[in-house]
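What follows is a set of notes on a single structure, which appears directly below.
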Amino acid sequence: MSCRRFLLIPVLSVILVMGFVYYVTLFVFIDDWVGLQSSAGKLNAFLFSFLASHCLFSLSICVLVDPGRVPATYAPDVEDSSWSNCNATETRKCDKCFAYKPPRTHHCRVCRRCVLKMDHHCLWINNCVGYANYKAFFILVFYATVASIYSTVLLVCCAFKNGDSYAGNVPLKTFIVSCGIFMVGLSITLGTLLCWHIYLIAHNMTTIEHYDSKRASWLARKSGQSYRHQFDVGVYKNITSVLGHNMIKWFCPTFTRNPEDALSFSTSRDS
């Protein structure tokens, strides 16, 4: 994929927000609170720079990495349990690509092709979130949430220490209050998104599958049965299917491939 993806307005907007938050956190909040040249200032600047660099690196992976293409030679194995247990709504052939598609694969109207284990198309990365870049997307949201909360805490510390000096400086006070509102809103938004994807990972669902499962769950309840997502194989296995088996690498965005091959998946009947 071309690096020109970074020049599109939504992606540039994300980068500009990152740059703004990084600048005000280091050169306003930390500097006004303890001073950048102090030991505490250097430590906080290092920690926040660590979070910011991981955000930027994760964003780059999300933007540049192909989320997953269906192999041109792919043909379904009718004896595969992931096919036999597949939802009735999930057809074997894409009605737009006119080619076989593996389980959990969906056609993206924006990208105009099928994407392996598609979660959704994200405007802010100008790319689909799928099999190959879902972990990087989750890590991006995780580090961005932590960084936003961290920045908000530093802002509060700065405001408490310099509250009296801000009172006599209306422009600076307005700027600090505006930053506070922005950071709180950003933290809540990213925190909600993070919680949502933690829920999805814990249940081994994609966003598309979650909304598809609502009808299946309703039909199961109506018939007096209990519903369980077919790819839910237990919390730990669900997590490792996305983040990998090595816990040390869970929060490293470079390891984007999950243990499964995206053409077949373990199901609850297999476990």
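Filtering 231, 255, 251 for residues that are in a loop (DSSP other than H, G, I, E, B), modelled with pLDDT of 80 or more, among the hydrophobic types (A, V, I, L, M, F, W, C) and open to solvent by 20 Å² or more (accessible area, probe 1.4 Å) leaves a single hit, 251.
Cβ separations smaller than 6 Å between residues 6+ apart or across chains give the following pairs from region 229-250 residues that are over 16 Å from residue 131 (Cβ atoms) to residues that are open to solvent by 80 Å² or more (accessible area, probe 1.4 Å) and not aromatic (Phe, Trp, Tyr): 233/271.
Scan region 173-210 for residues that are among the hydroxyl-bearing types (Ser, Thr, Tyr) and open to solvent by 30 Å² or more (accessible area, probe 1.4 Å) and report the count. Please lay out each step first, then the result.
Initial filter on region 173-210 (among the hydroxyl-bearing types (Ser, Thr, Tyr)): 174, 178, 187, 189, 192, 199, 206-207.
Filter again for open to solvent by 30 Å² or more (accessible area, probe 1.4 Å), leaving 174, 178, 189, 192, 199.
Final tally of qualifying residues: 5.
If you go through region 104-130 and pick out every residue that is more than 14 Å from residue 11 (Cβ to Cβ), within 12 Å of the chain's Cα centre (by Cα) and open to solvent by 10 Å² or more (accessible area, probe 1.4 Å), you end up with 1. How many residues, within region 126-182, are in a helix (DSSP H, G or I) and under 15 Å from residue 31 (Cβ atoms)? Number satisfying all stated conditions: 13.
Name the one entry in 45, 40, 75 that is among the small types (Gly, Ala, Ser), open to solvent by less than 30 Å² (accessible area, probe 1.4 Å) and over 18 Å from the mean Cα position of the chain (by Cα). Let's see the steps before the verdict.
Working: 40 fails: open to solvent by less than 30 Å² (accessible area, probe 1.4 Å); 75 fails: open to solvent by less than 30 Å² (accessible area, probe 1.4 Å).
None of the others qualify; the one that does is 45.
Filtered by the rule that a residue be over 16 Å from residue 242 (Cα atoms) and either assigned to a loop (DSSP other than H, G, I, E, B) or in contact with a helix residue (DSSP H, G or I) (Cβ under 7 Å, 6 or more places away or on another chain) (or both), region 106-121 gives 106, 109, 110, 111, 112. In the set (1) touching a helix residue (DSSP H, G or I) at 6+ places or on another chain (Cβ under 8 Å); (2) of a type outside the set (A, V, I, L, M); (3) modelled with pLDDT of 95 or more, residue 204 fails one condition alone, (3). For region 27-57, residues that are charged (D, E, K, R) and either in contact with a strand residue (DSSP E or B) (Cβ under 9 Å, 6 or more places away or on another chain) or without any contact (Cβ under 8 Å) to a residue 24 or more places away in the chain (or both) total 2.
The values are calculated or read from the model by the stated rules, or taken from the named source; none is laboratory data. In this text, all values refer to a predicted model and were calculated from it rather than measured experimentally. Every residue, glycine among them, receives a Cβ derived from its backbone with ideal geometry; neighbour counts consider all protein chains shown. Side chains are part of the model used for accessible areas, which takes the heavy atoms of the whole protein and leaves out ligands, DNA and RNA. Shrake-Rupley method; radii C 1.70, N 1.55, O 1.52, S 1.80 Å.
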